[in-house]
Each structure stands twice: as C-alpha cells, then as structure tokens.
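The values are calculated or read from the model by the stated rules, or taken from the named source; none is laboratory data. Bear in mind that the values here come from a model prediction, so they are computed numbers and not experimental data. Neighbour counts are summed over all protein chains in view; Cβ atoms, including those assigned to glycine, are modelled from backbone coordinates with ideal geometry.
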Amino acid sequence: MNRSRAARGFKLQLAMTPMIDVVFLLLVFFVCTVRFERNEQVYRLDLPSRGTTADPLALQDSPLQIVVGIRDGDRCSIELRADGVRQTAENFDTLAKAMEQMRRQSGVANGLFESSHPILVVPSAGSQWQDAVEGFNAAVRAGYANIGFAESKR
Amino acid sequence: MSLLHARGPARIDANMTPLIDLAFLLIVFFILVARMGGEQLPPVSLPEPRHAATTSAGSRPRLAVNVIANGDRTILSLGAKKFSDDDSGLRGLAEAIAQRIRRDPTLPVDIRADRSLRYDKVEPALRAIAQAASQAGAERVTIRVCALDERQANHE
C-alpha cells in the first residue's frame, strides 16, 4: 500500500540555488553595464567650405581676437582685441558679457559686430587647453557663431 | 528483489536550470565583449567650462581624436591606433582621419583633449583634422570640441 504524502510528512521546499544564480547574474550584469562616465558635450567648430581660402582654419574677415594668457593660480589674463577695440576682462563671465554687449542685436544701441563676425581664440604660448575652451565658450555664450582657434606659436 | 527494479524502468530527466544559467552567462559575456570591442574613448579629463554653452554629443557615430598627456609628450589616438606628437605621427593621424572621412564624409570629428595640456600640444591635432579634410576632399567637416557639461561638473 502506498503511503500518502501526508503520512510521509511532505515538506514544501523552495529551491534557492537557481534563484541565487539568477540574482547574482543580474547583479553582475548591472555592475558591468552601469556607466559612471559623464556625458560629453560638444562645441561645433566648422571648417569653412573649400575653395574660399587656402588655410582651412583661417577666418575670412579681420577677426575679433580673444587673447588668453597663462594661468596664474585661479586667474588668467584675458583681452579682447580688434580694430579700434582693446579691452581686458576680469574673468570669462565678464568676457562673455562684454562680447554680448558688442554684438549687434535689437535693443543694443552700440553693437559693433554681427553674430556671424569671425572670432579668433588666441591662447598665448604656454596657456592651457582648459582656458582656450573657456574663451571659446565665452564667445558661444555671447551669441557668436563663427569661432576658431588661432595657430599656436611653437 | 531490489528497490531500484521494483520502481520500474529508470527515467532520465535533463536538469535545465544550470543549462539556462550558463546560456545567460554566455549572453552577458558576449554583450560586454561586444561593447568593449567598439570602445574608442579612453578616459580623458575634458575641459569643464563654467556656464557651458555646449550641445549634447548625441549618439550618432563619430570619429574621436584623443589627445592624452603623457609626461612631457602627448599621445594622439584614433580608436585603437596611437600616434606620436611629432611630424610623422601627425601625418599618420591626418592620413588615418582622411581615410575615414572618404568612407563617410558626414562623420563628425571630435577632439577630446586633456584640459591640463598646453594649447600648443592640442593645436597640431586640430591642424591634422583640417589637413585630413583637405586630403579627403571633403566639402565640409564638422570638428567638435568635447567638454563636460556644467550640471555634472557642479556635482564634483
């Protein structure tokens, strides 16, 4: 005679091994796929169309220059240069504001330059890439669209 | 009579659990390997301008030129290929970029340079990209300067 399950004292057991397997597998998957790197952002630096100039990085009009000096601690010298314009800036925020005031736009009485006017970032010999990009960023913030980097003096 | 034979013929059952475990493990492995194989972005301390007026790099394919500080010298890399910062290295870099631009003229070229580098170490890479565009006969090549966005920079 077969003994009933109840008579045998049937125990309900949860199979933990495959569950732990799957949990570890998911853990490994998420640990490996999570990306801690920060999102990269970009500035466009378009080359002029071919045939307009011999040097593909050269700008066509007399550019407004942002001369970036060598960093000394938290500060670095910044100067705006153009025909008839020579102005220093305390930092890149004031540079952006000064450049915005120079831009010809509605509501600004004495704007000097169109937003398409060429802007040239001129980092001094020994200045850092970070500061060159800060200068570029100030010009973009001020609303200019035609910005380039000057050739370095090696 | 033994108990084994009393229960009738033996049944063979395939235990599927370890098989499925192993299959998932292999799938995860190949997913990871595939992602790492296509990786062309070595870690670079990108510039972090304040109030960055940048746009998102997006997810479309791009060609990344990396300029990495290495003591007094710099290493230029394009995918897995590395180039020295002397004239021959820059010529090789320009040629490699030109080949890629010929294949896809709409490919944006990103310059990822370490923020602590001197500008005169980064500028030759910009020139190499411009030279490559000229070599490839591209009408217009988009160079993009990579930086980190302010929102994330503020969290540090």
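Structure summary
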{"item": "The stretch B:94-124: number of residues that are at pLDDT 85 or above, farther than 27 Å from A:VAL122 by Cα and either in a loop (DSSP other than H, G, I, E, B) or of a type in the set (Phe, Trp, Tyr) (or both)", "result": "1"}
{"item": "Residue list for the stretch B:79-90, restricted to those being without any contact (Cβ under 8 Å) to a residue 24 or more places away in the chain, under 18 Å from B:GLU123 (Cβ atoms) and outside any loop (DSSP other than H, G, I, E, B)", "result": "B:PHE83, B:ASP87, B:SER88, B:GLY89"}
{"item": "Filter result for B:VAL122 (under 18 Å from A:GLN130 (Cα atoms) and out of contact with any Leu (no Cβ under 9 Å at 6 or more places or on another chain))", "result": "yes"}
{"item": "Test: residue in the stretch A:93-110 that is buried (at least 22 other Cβ atoms within 10 Å of the Cβ), facing chain B (nearest Cβ under 8 Å), assigned to a helix (DSSP H, G or I) and of a type outside the set (A, V, I, L, M, F, W, C)", "result": "no"}
{"item": "Extreme residue, farthest from A:GLN128 (Cα to Cα), among residues of the stretch A:60-70 that are out of contact with any Asp or Glu (no Cβ under 6 Å at 6 or more places or on another chain) and assigned to a strand (DSSP E or B)", "result": "A:LEU64"}
{"item": "Residues of the stretch A:125-143 satisfying the condition of being surrounded by 24 or more Cβ atoms within 10 Å (Cβ to Cβ) and more than 17 Å from A:GLU90 (Cα to Cα)", "result": "A:TRP129"}
{"item": "Condition met for A:ILE119 (of a type outside the set (Lys, Arg), surrounded by 20 or more Cβ atoms within 10 Å (Cβ to Cβ) and more than 11 Å from every other protein chain (Cβ to nearest Cβ))", "result": "yes"}
{"item": "Failed condition for B:LEU41, given (1) over 21 Å from A:ALA138 (Cβ atoms); (2) in contact (Cβ under 8 Å) with a residue 60 or more places away in the chain; (3) surrounded by 17 or more Cβ atoms within 10 Å (Cβ to Cβ)", "result": "(3)"}
{"item": "Output for the stretch A:111-137, where each listed residue is over 27 Å from B:VAL122 (Cα atoms) and not in a strand (DSSP E or B)", "result": "A:GLY111, A:LEU112, A:GLU114"}
{"item": "Hits in the stretch B:125-156 - residues which are at pLDDT 75 or above, more than 8 Å from chain A (Cβ to nearest Cβ) and closer than 20 Å to A:TRP129 by Cα", "result": "B:ALA125, B:ALA128, B:ILE129"}
{"item": "Which numbered condition B:ILE68 misses (of (1) within 29 Å of A:PHE92 (Cα to Cα); (2) assigned to a loop (DSSP other than H, G, I, E, B))", "result": "(2)"}
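Quick grid of which residues meet (1) within 14 Å of chain A (Cβ to nearest Cβ); (2) surrounded by 10 or more Cβ atoms within 10 Å (Cβ to Cβ); (3) closer than 30 Å to A:LEU26 by Cα; (4) modelled with pLDDT of 85 or more:
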residue	(1), (2), (3), (4)
B:MET16	yes, yes, yes, no
B:ILE20	yes, yes, yes, no
B:THR54	yes, yes, no, no
B:ARG60	yes, no, yes, no
B:LYS82	no, yes, no, yes
